[in-house]
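Comments concern the structure below.
The values are calculated or read from the model by the stated rules, or taken from the named source; none is laboratory data. Small disclaimer: the values here were computed from a predicted structure and weren't measured. Cβ sites come from the backbone with ideal geometry, for glycine too, and all protein chains shown count toward neighbours. Note: areas computed on protein heavy atoms with side chains; ligands, DNA, RNA excluded. Shrake-Rupley method; radii C 1.70, N 1.55, O 1.52, S 1.80 Å.
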Amino acid sequence: MTAPSPERIVSDSGLPALLRHRPHAALRTPYAFPPGSGPVLDAETLREHILPRWREGVEKQTKALVRRARSTMEALSGDALYSTLDDPLSRRAALVAELFRTHTLVKNAGRLDVRALQRTLAGVLSTEGPLHFEIAWGHVKRGLAGLKTPGPWADLAEALAIGRLTALTRAASRLLDGEARLTVLSGGTRFQDALLTRSEQLMAYDTQRQEVAAALGAAGAVTFRDFATVRAERDGDRTGRRETHRRKPAEIRAAEIRARLHTVAFNVDWENVLALAADGAAPHGVPMPAPLADWLAGAPAERGPLLIRAAAACLVDPGAQPLWAEQFAAVEDGEELLEEGIAFFAHVSWEATRRYIAIHKAGEEAAAAGPPAGAEAPPPAGTATRPIRLTVHEKRDRPALPALAVLGMRAPELLPQHLAVLLPGSGGPEFGTVAELHARLPAARPVHLAAGGGTQPVFGWLAGTAQPLCLVAPEADWQRDLGAVLDPERG
């Protein structure tokens, strides 16, 4: 009998499989995309030509969702899908529930318990205040020495996802002739103890995503808040959750850790880990051997990324170590340094994975237990009830919970923080880690934001940096393709 797969609590990418089956990909992928190595998008073009087309694309998505929901409801008769459609409140709830039977937006559209969802929506709509959705999504991008994403900040991948969320929220508002809102709960601080991420990056990422939402016309409708802060407000007690977190690690089985090791390892902030170790700290209780620390200190900007790539590749495929030993051959005691680096990476990754699972289990325990006695869980600001929960990963034990494909059905299981976007010149966008996209199209060029030359309407955090907005195929009409990227007829 095949053992059941572990519950999905983290997003994956195709990077581990690529490194396992094509080990040279980690050597061939560029470490960075320096400004000037591809086309440049200036502030005026973005403001006057690209953003208007993006907003048009979101509007097209919205109209398509509304049109489909209304036409389906008009064709329904009896109680085949929904209950008591002759009741105005139940019918309004069914209209909104019908949004989540859209197969291009919802991964479990065909399996969704729409009657239960309709009942939940009816309960919310019977109260005062706007309809409020809530979805947990978003760690800061992790570069993994340029193998995973081209930088830590929000780029075109986030814009595509936020555009879909905006269209969904607007569609619900129009179907109700009222107001609907959506809150994205960022998981950055929730898992910070496990992934050793930097607080300043977590806050900046959410600020950037909020600016993207505003640029797409969703200011006030789509908002970003910290997951841990919101849960603490509702629970009235964060201490109990942390105590559960401390108790859990010893109870986690090694098989659980191994099942998620590669995914969590590729989400750790390794630049921060190496910086902490260089200062004499022992990240997750793992000290860095002195010879390795001394070697890294000699040229951290070059040697750190080399070590991260080598260790990541060897973690998923130990057979790749001879390949990486060749890269260390010219280094004094290079073989020993490589082995020490791989061991350090593996030990930190193991503990990071154990803590990640512990935090997740603690949260599930706390949610199941409810708020502490005497603590009244308040509804979100500006609403009368608790929000309608959405998810990015299907929960098989919760069939009435819609699971959104925030990047569409081209990449139903992928999330923006794990990847970059390639505009191939024909068809819609393609998604993948930098290493995957480079393996697919080595000649792809980065699109950078121009430094200076006017105030950026959005994506100013990318201007003048090495992180591009996206990658484009050579010889493609990249401005045309970029402008059409949120158009549902192209995506």
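Before moving on, here are some points about what is shown:
- Estimated from helical segments only, the mean residue ellipticity of the chain at 222 nm is -14000 deg cm²/dmol, where each DSSP H run of four or more residues counts as -39500 (n - 2.57).
- Peptides 52-62, 166-176 ranked from most to least packed, by the mean per-residue count of other Cβ atoms within 10 Å: 166-176, 52-62.
- Cβ charges +1 (Lys, Arg) and -1 (Asp, Glu), total dipole of the range 78-237, debye: 520 debye
- For the set GLU251, GLU211, the ranking by accessible area, highest first and with no ligand, DNA or RNA atoms included, is GLU251, GLU211 under a 1.4 Å probe.
- Close amide H contacts of LEU131 (hydrogens built in the peptide plane, cut-off under 5 Å, sequence separation of 5 or more or a different chain): GLU179, ARG181.
- Note on ASP333 and THR45: the model spin-label points, each 7 Å out from Cα along the C-beta direction, lie 5.1 nm apart.
- Surface/4 of the Cα convex hull for the range 45-119, nm²: 6.0 nm²
- Direction-averaged projected area, Cα convex hull, the range 241-353: 7.5 nm², rounded to one decimal.
- Remark: spin-label model distance ALA343-ARG440 equals 3.9 nm, labels positioned 7 Å along the Cα→Cβ axis.
- Eligible lysines near LYS361 by straight Cα distance, threshold 19 Å, same-chain separation 8 or greater: LYS248, LYS395
- Cα centre as origin, Lys/Arg/Asp/Glu Cβ charges: the range 11-93 dipole, Debye: 280 debye
- Only Lys, Arg (+1) and Asp, Glu (-1) charged, at Cβ; the chain dipole about Cα centre in debye: 1540 debye
- Site pair SER37 and LYS395 shows an inter-label distance of 4.2 nm when each label is modelled 7 Å from Cα along Cα→Cβ.
- Alpha-carbon radius of gyration plus Dmax, which is the widest Cα pair, for the chain in Å: 23.5, 80
- Listed residues MET409, MET203 arranged by accessible area, highest first, probe 1.4 Å: MET203, MET409
- Ranking by accessible area, most exposed first, for HIS262, HIS393, HIS49 with a 1.4 Å probe: HIS49, HIS262, HIS393
- In summary, the lysines within cross-link reach of LYS148, defined as a Cα separation below 25 angstrom excluding same-chain residues under 8 places away, comprise LYS107.
- Protection proxy ranking of 177-183, 68-74, by the mean of other Cβ atoms within 10 Å over each peptide's residues and highest first, is 177-183, 68-74.
- Ranking PHE227, PRO300, ALA69 by Cα position along the charge dipole of the chain, where only Lys, Arg, Asp and Glu carry charges on their C-beta atoms, puts ALA69 farthest toward the positive end.
- Projecting the Cα atoms of LEU185, ALA343, PRO424 onto the charge dipole of the chain, computed from C-beta unit charges around the Cα centre, puts LEU185 farthest toward the positive end.
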